[in-house]
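Heads up: the structure comes next, in structure tokens.
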Amino acid sequence: ATAPAQARLIFLAGACPLALDGGTVGPGDYAAQAARCVENLVLALDAAGVTLQDVIHTRVLVASMRQHDLVTAWDVVRSAFGDHDVPSTLMGVTVLGYDDQLVEIEAVAA
């Protein structure tokens, strides 16, 4: 992906599967956590005045050593982007920052 020469780049810290009260949504459920991460990502993008269609790169972090778990999270994230085939990196990691957190999504938008 490339950003137009005059584009404003927006770097988003990892969207986490947190509810409004700060608790982790869907402990043990990769799909539920990925869905909440997407919801929180959309909120952050909206605050910056952009949408998922403006995203030019994502990094999806999944706390698991099982490929199946990574694919479960990825399917949710990929579905949210629809026809916008954004370049992405899918990574299995040992642990993430919040209690019971399994998924996190970083993004860059232009």
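No lab work stands behind these numbers, since they all come straight from the coordinates. Treat the numbers as computed from the prediction; the structure is a model and nothing was measured. Cβ: placed from backbone, ideal geometry, glycine included. Neighbour counts: every protein chain shown.
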In nm, spacing of pseudo-spin labels at residue 98 and residue 46 (7 Å Cα→C-beta vector)
1.7 nm
For the chain, the longest principal axis of the Cα atoms and the Cα long axis of helix 30-47 enclose an angle in degrees, to the nearest 10, of 30 degrees
Mind ranking 63-70, 39-46 by how tightly packed they are, going by the mean number of other C-beta atoms within 10 angstrom, highest first?
39-46, 63-70
Using amide H atoms built in the peptide plane, which far-off residues or other-chain residues are under 5 Å from residue 63 H to H?
93, 103
Computed from these coordinates, which is Rg and Dmax of the Cα atoms in Å: (i) 18.2, 54; (ii) 14.8, 48; (iii) 13.5, 42?
(iii)
State the answer as a single residue: which of 98, 56, 31 lies farthest towards the positive end of the charge dipole of the chain, with beta carbon charges of +1 for Lys and Arg and -1 for Asp and Glu, about the Cα centre.
56
Modelled FRET efficiency - R0 30 Å, residue 90 with residue 6, Cβ distances, 0.05 increments:
0.45
For residue 79, project a label point 7 Å along Cα to C-beta. Then give me every residue of segment 27-45 with its amide nitrogen under 12 Å of that point.
31-36
Could you go through segment 68-81 in sequence order and give the Karplus-derived ³J(HN,Hα) for each residue, using 6.51 cos²θ - 1.76 cosθ + 1.60 with θ = phi - 60°, rounded to whole Hz, and x for Gly and Pro?
4, 5, 4, 5, 4, 5, 4, 4, 5, 5, 4, 4, 5, 7
Any residue on another chain or 5+ positions along whose placed amide H is under 5 Å from the amide H of residue 88 is listed here as 58
With runs of 4+ DSSP H residues as the only contributors, calculate the mean residue ellipticity of the chain at 222 nm using -39,500 (n - 2.57) per run, divided by the residue total and rounded to the nearest 500.
-10000 deg cm²/dmol
In the chain, what percentage of the DSSP-assigned beta bridges are antiparallel, given to the nearest 5?
65 percent
Evaluated at q = 0.14, 0.18, 0.26 Å⁻¹: base-10 log I(q)/I(0), Debye formula over Cα of segment 2-51
-0.43, -0.62, -0.97
Mean Cβ count within 10 Å, highest first, over the residues of peptides 81-94, 21-34:
21-34, 81-94
With the contact rule set at Cα under 8 Å and sequence spacing of 6 or more, what percent relative contact order holds for the chain?
41 percent
